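Written below as structure tokens is the structure these notes are about.
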Amino acid sequence: MRSLIDIKELTTQEIDELIVVAKDIIANPAKYSEKCKGKKLATLFYEASTRTRLSFEAAMYELGGNVLGFASSDNSSASKGESVADTVRVCSGYADIIAMRHPKEGAPLVASMHSLVPIINAGDGGHNHPTQTLTDLLTINREKGRFDNLVVGLCGDLKFGRTVHSLIGAMARYNNIKFVLISPDELKVPSYIKQELDKSNIEYVETRSLEEAIPELDILYMTRVQRERFFNEEDYLRLKDTYILNMSKLSKAKDDLSILHPLPRVNEISVEIDNDPRACYFEQALNGKYIRMALIMKLLGVE
Ligand code: CP
């Protein structure tokens, strides 16, 4: 039995295989419509979500399976004090696979130690979000046709943005990748991630200026400032609108830039960008359903 807690648990070959399957699902959805017939997915979401939870549920339905779960800790017995370990032990008797989101870093890992079925980390605090990273990789693959030789800009809240941490971990394995880390000083990428990049001799620069960075980028990964992870509201209000991508800034970018955002968006991408051919974030959200279908099949051992 295998869970997915961190993107680094997947080999490059496994990621490639998931992408191949996801693309085949897009091309031939009917072929997959009964692959998980009789199987159940439990979505245990202790923290708010739109895309991740609903795309997991849509993924399981499109595979012919069924779904059960809760969408907030308030309407589960966590509100009465039940531990993650006990909840998961119980729910793993009701479902064949579990997707879990939790505000505490490491909660899905703890869950995987007590579960009788595979656990998928659907986001744990400011730590990791491996299925978002698979979504991002499928989007980059479909947009660029490659993972090598790319300048990847990550912009916004690089401190608390778990999608950023997972994406750097995944992209760092490919050849000739340069990361441009664009953030205010208070929201820089954690030093443990920079140490890993240093150890692997991967090029990166840190800057506060999106305007200066944008001309060299192949990918621009915008992120929201993560209000829910701040200890004080004043800091959030001061930092929340540091970066707003608009047409004026985009005019300096390459014609084939791909703009990604894990969403939800607050203010960081002006809506005037949405119809620009370089905006990929709504397709990216849709890609999340296909790659999650591929992942569910893989972890359930469905051919
Ligand atoms: N990208 C993402 O995780 O979105 P949700 O919080 O809506 O699931």
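The values are calculated or read from the model by the stated rules, or taken from the named source; none is laboratory data. Everything numeric in this text was worked out from a predicted model, so none of it was measured. Cβ sites come from the backbone with ideal geometry, for glycine too, and all protein chains shown count toward neighbours. We work out accessible area using only protein heavy atoms, side chains counted, and drop any ligands, DNA or RNA first. Shrake-Rupley method; radii C 1.70, N 1.55, O 1.52, S 1.80 Å.
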Roughly to the nearest percent, how much of the accessible area of the chain is carbon and sulfur, given a 1.4 Å probe? 48 percent
Counting alpha carbon pairs within less than 8 Å and at least 6 residues apart, what relative contact order, in whole percent, applies to the chain? 20 percent
In vacuum, with every alpha carbon of the range 1-148 counted as one equal point scatterer, what does the Debye formula give for log10 I(q)/I(0) at q = 0.10, 0.12 Å⁻¹? Two decimals, please. -0.35, -0.51
Counting other Cβ atoms within 10 Å, which trypsin sites (Lys or Arg not before Pro) in the range 51-140 have at most 15 and lie in a DSSP loop? Lys104
For the chain, count the residues as N, evaluate 2.2 N^0.38 Å, and divide the Cα radius of gyration by that value, please. 0.98
Once you charge only the Cβ atoms, +1 for Lys and Arg and -1 for Asp and Glu, what is the size of the charge dipole of the chain about its Cα centre, to the nearest 20 debye? 680 debye
Going toward the positive end of the dipole of the chain, with +1 on Lys and Arg Cβ and -1 on Asp and Glu Cβ, which of Gly64, Pro103, Thr207 do you reach last? Gly64
Of all chymotrypsin sites (Phe, Trp or Tyr not before Pro) in the range 217-274, which ones are in loop regions per DSSP and have a Cβ with at most 12 other Cβ atoms within 10 Å? Phe231
In the full protein assembly as shown, how much of Asp256 is accessible to a 1.4 Å probe, in Å² to the nearest 10? 90 Å²
Assign unit charges at the C-beta atoms only (+1 for Lys and Arg, -1 for Asp and Glu), then state the dipole size of the range 222-303 relative to its Cα centre in Debye, rounded to the nearest 20. 180 debye
Among Ser49, Ser200, Ser92: highest mean-square fluctuation, GNM of the chain, C-alpha pairs under 10 Å: Ser200
Å² of accessible area per residue within the chain, as computed with a 1.4 Å probe and no ligands counted: 43 Å²
Determine by what factor the alpha-carbon radius of gyration of the range 131-284 differs from 2.2 N^0.38 Å, reporting the quotient. 0.97
For the range 148-239, what's the relative contact order in percent, using C-alpha pairs closer than 8 Å and at least 6 residues apart? 40 percent
Relative contact order (percent) for the range 165-303, with alpha-carbon contacts under 8 angstrom and 6 or more residues of separation? 20 percent
Check the straight Cα-Cα distances from Lys144 and name the aspartates and glutamates below 15 Å, setting aside those fewer than 8 residues away within the same chain. Asp16, Asp136, Asp218, Asp255, Asp256, Glu283
Cβ-placed point charges (K, R +1; D, E -1), dipole of the range 131-284 about Cα centre in debye, nearest 20: 340 debye
